[in-house]
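The next block holds one structure in the form of structure tokens; read it before the comments.
The values are calculated or read from the model by the stated rules, or taken from the named source; none is laboratory data. Please read these numbers as outputs of a predicted model, since none were measured by experiment. We place every Cβ from the backbone using ideal geometry, glycine too, and count neighbours over all the protein chains shown.
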Amino acid sequence: MDEKQVKRKIVLVPVPAQGHVTPIMQLGKALHSKGFSITVIQTQYNRVSSSKDFSDFQFLTIPGTLTDSDLKSLGALQFLMKLNQICEETFKHCFGQLLQEQGSRDDIACVIYDEYMYFSAAAPKEFQLPSVIFSTTSATAFVCRSVLAKVNADKFLIDMKDPQVRDSLFPGLDPLRYKDLPTSAFGTLEDIIKLYSEAVNTRTASAVIINSASYLESSSLSRLQRELQVPVFPIGPLHLAACAPSSLLEEDRSCIEWLNKQKPKTVIYISLGSICLMESRDILEMARGLSNSNQPFLWVIRPGSIPASEWTESLPEEFSKLVSERGYIVKWAPQMEVLRHPAVGGFWSHCGWNSTLESIGEGVPMICRPITGDQKVNARYLESVWRVGVQLEGEMEKETVERVVKRLVVDEEGADMRKRAIDLKEKLEASVRSGGSSCSSLDDFVNSLQTKNF
Ligand code: UDP
């Protein structure tokens with residue numbers, strides 16, 4: 001790469017939420033290592049800090065965006081839609097200024113925006129520069145969003161109320177059932193359809209980058225490639241390709257010391273990611289089942305993740321007693337380090353896409369308890385396609401919790417899942433190494449930018 005190319009800039013636009021920030025910053029690191037300079041343009045809400053890990057990146061903020069209380073009052077879907085309404089002009093202004101500071105327009109290689117920050121497409125279009133969509137979910141979830149964007153909402157709502165239909169396969173999306181489709185607990189079906197139609201609309205984008213690997217989702221990726229009419233680059237799992245610590249919350253490292261004292265492959269690590277909530281009743285049943293299973297457990301309970309409670313203070317005394325026997329609780333964990341720890345035998349997860357990739361990327365089998373959106377798609381794939389997880393469906397009851405934990409950590413079935421998970425880990429590691437499919441896909445993307453193919 002010559003001196004001129006080294007200076008070319010890529011602008012990244014993240015959704016201000018952990019599950020989106022993490023992979024886009026990893027993408028930034030991967031592209032930086034290919035010789036691009038990186039500018040992150042973000043909203044004032046949930047900003048990534050320009051820490052020492054990103055000292056080579058430029059960070060710009062667009063003014064006047066939404067707050068935590070907007071998120072609470074609007075709900076996540078409306079919040080995102082509002083963000084898109086109010087940011088288009090301010091982003092254009094910010095982008096225009098950035099452009100003026102460059103020697104030439106050509107110094108900006110492209111804008112890569114999270115699919116849910118679709119307001120970002122207008123500025124590069126106006127200035128005739130390439131834009132690229134970055135999807136932080138699986139290719140299969142992307143396919144599902146395209147399908148949902150076109151459903152008849154009234155008919156779909158009626159179908160979803162019929163238990164038989166809910167359990168049946170959705171045409172063309174085998175093995176997904178109606179109930180596995182990425183509908184959301186954070187807003188109405190009308191809102192989710194509206195949001196998905198915006199997100200899957202490639203507008204003027206020249207390409208789509210997906211944080212996935214062909215080995216994991218070859219048929220969904222081929223389908224996207226056919227249907228989107230722009231090149232699709234599966235370049236993940238990004239966390240295996242690039243290290244970019246971008247936690248928005250403080251990690252409690254004391255849990256690593258606790259893990260050091262546990263026997264190999266015995267601990268169930270529990271985390272529901274950065275957004276999902278959990279009812280007190282379910283938490284208590286979970287604690288009872290975990291305790292009855294006799295397995296040690298490390299549990300992340302995020303402040304604010306139990307409705308009407310700051311942290312765990314609303315839970316009955318029994319909860320603290322059960323946890324003190326064989327559990328450890330933190331508010332936020334260094335998740336990748338936890339999953340890599342030899343004491344961890346399984347991951348109880350809401351199956352967010354990052355958690356899914358991080359778990360299979362470490363060869364850790366999963367207990368899948370999806371709550372909303374694409375988590376349901378991922379859980380179904382974990383259980384019935386990759387066969388490295390077991391889904392816990394229906395009411396949370398201590399007996400089923402105990403059984404599922406034993407299936408995963410004690411029984412032969414769990415050992416088989418672990419073998420498959422380790423096989424997946426090896427395949428995924430190979431995909432990001434030189435000559436691997438994701439590594440080649442990233443090179444193809446970079447080549448397209450350098451040869452101005454977009
Ligand atoms: N995470 C973490 N510490 C925790 C819980 C989660 O660092 O205690 C990270 C996790 O490693 C993952 C991200 O938060 O990268 C969650 O993303 P995911 O897509 O799994 O779920 P979301 O938060 O979007 O629901």
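Output yes when any residue across the stretch 245-260 is in contact with a Gly (Cβ under 7 Å, 6 or more places away or on another chain) and within 13 Å of the ligand (Cβ to nearest atom), and no when none is. No - not one qualifying residue is present in the stretch 245-260.
Which of the residues spanning the stretch 84-106 are surrounded by fewer than 13 Cβ atoms within 10 Å (Cβ to Cβ) and of a type in the set (Asp, Glu)? Once the filter is applied, which keeps residues that are surrounded by fewer than 13 Cβ atoms within 10 Å (Cβ to Cβ) and of a type in the set (Asp, Glu), the stretch 84-106 yields 101, 106. Before we move on, is residue 307 assigned by the TED database to the domain that holds residue 411, in contact (Cβ under 8 Å) with a residue 60 or more places away in the chain and in a loop (DSSP other than H, G, I, E, B)? It is false that residue 307 is assigned by the TED database to the domain that holds residue 411, in contact (Cβ under 8 Å) with a residue 60 or more places away in the chain and in a loop (DSSP other than H, G, I, E, B).
Any idea how many residues of the stretch 252-288 are among the small types (Gly, Ala, Ser) and either touching a helix residue (DSSP H, G or I) at 6+ places or on another chain (Cβ under 7 Å) or in a strand (DSSP E or B) (or both)?
The first filter runs over the stretch 252-288 and keeps only residues among the small types (Gly, Ala, Ser), leaving 254, 271, 273-274, 280, 287.
This time we only want the ones that are either touching a helix residue (DSSP H, G or I) at 6+ places or on another chain (Cβ under 7 Å) or in a strand (DSSP E or B) (or both), so: 271, 273-274, 287.
Result for the stretch 252-288: 4.
Could you please give the count of residues in the stretch 118-138 that are more than 16 Å from the ligand (Cβ to nearest atom) and either over 13 Å from residue 11 (Cβ atoms) or in the same structural domain as residue 351 (by the TED database) (or both)? Final tally of qualifying residues: 7. Could you look through the stretch 307-322, keep only residues that are of a type in the set (A, V, I, L, M, F, W, C) and more than 16 Å from the ligand (Cβ to nearest atom), and pick out the one that is surrounded by the fewest Cβ atoms within 10 Å (Cβ to Cβ)? The residue in question is 308.
The single condition among (1) assigned to a helix (DSSP H, G or I); (2) closer than 20 Å to residue 359 by Cβ; (3) in contact with a strand residue (DSSP E or B) (Cβ under 8 Å, 6 or more places away or on another chain) that residue 215 does not satisfy is (3). Filtering 326, 302 for residues that are more than 18 Å from residue 424 (Cα to Cα), outside the structural domain of residue 216 (by the TED database) and away from the ligand (no atom under 12 Å from the Cβ) leaves a single hit, 326. May I ask you to verify whether residue 367 is at pLDDT 95 or above, surrounded by 15 or more Cβ atoms within 10 Å (Cβ to Cβ), outside any helix (DSSP H, G or I) and not small (Gly, Ala, Ser)? Spelling it out, residue 367 is indeed at pLDDT 95 or above, surrounded by 15 or more Cβ atoms within 10 Å (Cβ to Cβ), outside any helix (DSSP H, G or I) and not small (Gly, Ala, Ser).
Evaluating residue 382 against the criteria (1) touching a helix residue (DSSP H, G or I) at 6+ places or on another chain (Cβ under 8 Å); (2) without any contact (Cβ under 8 Å) to a residue 60 or more places away in the chain; (3) within 12 Å of the ligand (Cβ to nearest atom) leaves one unmet condition, (3). Among the residues of the stretch 199-219, those identified as under 26 Å from residue 84 (Cβ atoms) and within 17 Å of the chain's Cα centre (by Cα) are 199, 200, 208, 209, 210, 211, 212.
If you take the residues of the stretch 227-247 that are without any contact (Cβ under 8 Å) to a residue 40 or more places away in the chain and surrounded by fewer than 17 Cβ atoms within 10 Å (Cβ to Cβ), which of them is nearest to residue 440 (Cα to Cα)? Lay out the reasoning, then the answer.
Looking only at the stretch 227-247, we keep the residues that are without any contact (Cβ under 8 Å) to a residue 40 or more places away in the chain, and these are 228-230.
Checking which are surrounded by fewer than 17 Cβ atoms within 10 Å (Cβ to Cβ) leaves us with 229-230.
Numbers: 229: 20, 230: 18 Å.
Of everything passing the filter in the stretch 227-247, 230 is nearest to residue 440 (Cα to Cα).
Scanning the stretch 350-368 for residues that are away from the ligand (no atom under 12 Å from the Cβ) and of a type in the set (Gly, Ala, Ser) gives a single hit, 363.
In the stretch 327-340, the residues that are at negative phi and of a type in the set (Val, Ile, Thr) form Cβ pairs under 6 Å with partners that are within 6 Å of the ligand (Cβ to nearest atom) and at pLDDT 95 or above, at six or more places apart or across chains, as follows: 330/300.
Which one is nearest to the ligand (Cβ to nearest atom), of the residues in the stretch 16-41 that are outside any helix (DSSP H, G or I) and surrounded by fewer than 22 Cβ atoms within 10 Å (Cβ to Cβ)? Here the residue is 17. Note on the stretch 46-64: residues that are surrounded by fewer than 17 Cβ atoms within 10 Å (Cβ to Cβ) and in a loop (DSSP other than H, G, I, E, B) amount to 8.
Residue by residue through the stretch 337-349, note down the ones that are within 9 Å of the ligand (Cβ to nearest atom) and buried (at least 24 other Cβ atoms within 10 Å of the Cβ). Passing the criteria: 338, 349. Among the residues of the stretch 272-299, those identified as away from the ligand (no atom under 15 Å from the Cβ) and touching a strand residue (DSSP E or B) at 6+ places or on another chain (Cβ under 6 Å) are 290, 295, 296.
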